[in-house]
1. Somewhere in the stretch 28-44, is a residue modelled with pLDDT of 95 or more and either closer than 30 Å to residue 576 by Cβ or in contact with a helix residue (DSSP H, G or I) (Cβ under 6 Å, 6 or more places away or on another chain) (or both)?
2. Only residues that are at pLDDT 95 or above, open to solvent by 10 Å² or more (accessible area, probe 1.4 Å) and over 24 Å from residue 319 (Cα atoms): list them for the stretch 514-530, please.
3. Give me a count of the residues in the stretch 758-775 that are surrounded by fewer than 18 Cβ atoms within 10 Å (Cβ to Cβ) and under 20 Å from residue 505 (Cα atoms).
4. Determine which single condition residue 456 fails, assuming it passes every other condition in (1) touching a residue at least 24 places away in the same chain (Cβ under 8 Å); (2) open to solvent by less than 40 Å² (accessible area, probe 1.4 Å); (3) in contact with a Leu (Cβ under 9 Å, 6 or more places away or on another chain).
5. Could you grab me the full set of residues in the stretch 409-428 that are under 25 Å from the mean Cα position of the chain (by Cα) and either basic (Lys, Arg) or within 25 Å of residue 381 (Cα to Cα) (or both)?
6. Return yes when residue 581 is open to solvent by 40 Å² or more (accessible area, probe 1.4 Å), touching a strand residue (DSSP E or B) at 6+ places or on another chain (Cβ under 8 Å), under 21 Å from residue 228 (Cα atoms) and not aromatic (Phe, Trp, Tyr) and no when it is not.
7. Tally time: how many residues in the stretch 136-163 are more than 13 Å from residue 233 (Cα to Cα), small (Gly, Ala, Ser) and outside any loop (DSSP other than H, G, I, E, B)?
8. Could you identify the single residue in 124, 176, 98 that is touching a residue at least 24 places away in the same chain (Cβ under 8 Å), more than 27 Å from residue 54 (Cα to Cα) and either surrounded by fewer than 23 Cβ atoms within 10 Å (Cβ to Cβ) or out of contact with any helix residue (DSSP H, G or I) (no Cβ under 9 Å at 6 or more places or on another chain) (or both)?
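The values are calculated or read from the model by the stated rules, or taken from the named source; none is laboratory data. Please read these numbers as outputs of a predicted model, since none were measured by experiment. Note that each Cβ is placed from the backbone with ideal geometry, even for glycine, and that neighbours are counted across all protein chains shown. Remember, those area values only see protein heavy atoms, side chains included, never the ligands or the DNA or RNA. Shrake-Rupley method; radii C 1.70, N 1.55, O 1.52, S 1.80 Å.
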Amino acid sequence: MIVSVSALPLLGLVFNMQVMAQASQPMRADGSKAPPRTIALPTDSSATALRADANIVIDGRDADAAWQSAPPITGFQEWRPTEGKPARFKTEAKISYDASNLYVFVRAFDPHPDSIKKLLERRDTFTSSDMIWIFVDSYHDKRTGYEFGVNAAGVKMDQAIYDDGNEDGAWDAVWDVATRVDSLGWTAEFRIPLSQMRYSREREHTFGIMIDRGVYRYNERYIWPLLRQSKPGFVSQFGSLHGMDDLESPRKLELMPYVVTKSASTIVNNAFAQKANLAVGGDLKYRVASNVTLDATINPDFGQVESDPSVLNLSAYESFFDERRPFFVAGRGLFRADVNCSAVNCWGETLYYSRRIGRTPQLGGIYGDTVPQQPTTILGAAKLIGRFPKGTTVGVLDAVTQHEMSPGDTTYEPGTNFAVVRASQDLRGGNSGVGAMLTAVNRRMDLFTSPYLASSAYVGSLDFRHKFFKNNYEVSGALDKSTVNGSEAVIANLQNNSVHQYQRPDADLPLDSTRTSLGGDAEEFRFGKVGGQHLLFESAYSRRSPGFEVNDLGYLRRADQQSWSTWAGFFDRQARYFYTRFQWNNNWWQWWSTEGLPLEAAYNTNVHINFKNNWGWHMGGTLGQLGKTYDDRTARGGPAVRQDVYTSPWLSINGDDRKAIVPYFSANYFESSAKRNWSVNLSPELDFKAMGRFSAVLAMNWSHNVSDNQWYGNFTDNADLLHYTFAHLDQQTTALTARFNYTFTPNLSLQTYAQPFISKGTYSNVRQLSANPRADNYDDRYAPYNDASVTSDPGGFNFKAFASNVVMRWEYNPGSTVFLVWNQGRQGYNGAEGSQAYRGDVRDLFALHPANTFLVKVSYWLNR
């Protein structure tokens, strides 16, 4: 007899009834027969998997014997928008397994199957569709797990989960799923090979499990067991899946050899040429033990990855670009170590920034013009990741890049070894923990590289976290130490670059041109309320000493800073009269140099509302530079300059993404110094969906920036006096972005991307800092600069760039793919804005010589 949970009373009932599995005696991994066992009925937080005695055909139907015998999970509740509300539609899930696979069958009842939202897209692309997700914590550590999702059209998504809720979208597994829409609604049938997950070596296993269903036309999510948004964490709220016993040892080796043929533009004798080559490489995954995995790549090529967006950076800080290469994105959560990051402000600063590995040659601009620059060749990279039964996690990453030379044997990039070691120990069931991290960069130096690059760089870090009072509160912190070694010229340049600026005349910093090493430290401490129905908050303090330096393998905007920030948010996660979600947060932050010079003091508030018609309204604003604050970076090594109060309101509106045409719009405004400095930024966007398989995005970003005190340059006169000059800048930037995607099948897709980018501006009224740059009166901070060679024709700029990708992806076998790629880039720069309108600039942009890359990449997945 099979008893449906939905037929039983829901209050005060303990489910202790059992049903006998209808399968014959299951086989253990060693070939012996296990005794028959009973299957406990699912409760509101636990279930037992039925062992299948025959193969299950993945076709979206529940005709297999295992599905006839498995007891259904029916206790789904709504968790969004209203937590704990009875689900609008019934959902049933059944779980089975064999020695090698986990099987899940989900029946999503729907009285109107013709209203089910489904859209074909490329794998791992979010779609405005009905979805079913299976979340699995195979190691049952309540901190890590895996997500397997599918929409009603059969589009798969998968992600890894780390730190009890953070997601790693680059993780890809090889698994099967089939969906079917019928008169009762729709179904999804999953087969997830256990080889794609980690689990212990014990004979008996308990997995964490959660099953989620999204009904997109109502924007409702139903889940089992109930996910409470008011509780901290995600994986720690999973239910328990029992009965996963006598699993076979997973296959140890996965190989993905690939062949790449590529033709790319290069520069030969100051002229464009095409260089073609054929390369062979591969990815490897070797399971050293059930809980230790080695991932490696040999001669990788990431030509199928989308290009970075174009930017024109006039600030003192390095631009940040997110990592897109799959090998480095996958598993990066384990190696994450943020610096100067809080709930208020987070700039991407980190001890490990994988974009440093395989970067374009650093000395290309010194020893020759290599534009368009190709990335430095990565000879090989490997990650060893282990998670042990008592909560210990160890990760090791190592990568080696090639010695890049010009035809004349001039070194553009030395051969380099990059290493990262990360270890952590969970305590109190994952509610507390300690960790350590070490990064190391070692370069093979020669006479070309010694004056410009550090020979070695090392960073060490210790961190901790601790939750208390029902796990609703958390304290965490970190201590980092860094050291960089190199020639006197290298360390002198390092002290004077935009990160450190030891040369500032009003800073009491120990500038030493004879040093051959530079060291520093950083500290962080955070305290916050991370759980609760309505109110959450965090207060954080961080400090980075003047000599702290991590940019050989990390990303750091500036050192010599301490900051304190506090964030408090009010959340209403219940559907009300006119909205389904409401959030209001308030932020306060202050920055100082390590000597105590005030750099920033600001208050910010933001409101986010999701209406019942699925439109969103988001708005807020910042009132900054309150009190006396100073900018010690604006003069690029000069003295600190007094700043004025600014206001910066913003607005963002999003349309109903259930519709075929979805509008978006955002606007930002900035004003300070009695309107001497102001900017406006507008970003309209339209998204289109058609035929269930075509999607497009047309977006524009337009900004007008007027800066009366834009840094212009530092000049030394005949008397050897240094003058810090500033100018009035009037700048306009326009970027258009177009994306067109057509998905033939869930395994065959075509994606196109194009972005023309134009930024142009004119300088005027060049002047220098006065003897009193900290004056309260704006005009008193500046003085005339009487060098006519600079001031008579300050010029401007007209920067143009075009980036595009066309990618066809075909997964011809599970895990095996073919990529056809065409990438084109154009770039030009003039020292004057020019008199042309936007149309003329675009015409000139497409008259520039293109840099083309054509690529065919074929990979084949092997599992042994």
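1. no
2. Residues satisfying the conditions are 514, 515, 516, 517, 525, 526, 527, 529.
3. 5
4. Going through the list (1) touching a residue at least 24 places away in the same chain (Cβ under 8 Å); (2) open to solvent by less than 40 Å² (accessible area, probe 1.4 Å); (3) in contact with a Leu (Cβ under 9 Å, 6 or more places away or on another chain), residue 456 breaks only (3).
5. Our first condition is that a residue be under 25 Å from the mean Cα position of the chain (by Cα); within the stretch 409-428, this holds for 417-426.
Those that are under 25 Å from the mean Cα position of the chain (by Cα) and either basic (Lys, Arg) or within 25 Å of residue 381 (Cα to Cα) (or both): 417, 418, 419, 420, 421, 422, 423, 424.
6. Values: open to solvent by 40 Å² or more (accessible area, probe 1.4 Å): yes; touching a strand residue (DSSP E or B) at 6+ places or on another chain (Cβ under 8 Å): yes; under 21 Å from residue 228 (Cα atoms): yes; not aromatic (Phe, Trp, Tyr): yes.
When the stated conditions are applied, residue 581 passes them.
7. 2
8. On the way: 176 fails: more than 27 Å from residue 54 (Cα to Cα); 98 fails: more than 27 Å from residue 54 (Cα to Cα).
Just a single option satisfies the conditions, and that option is 124.
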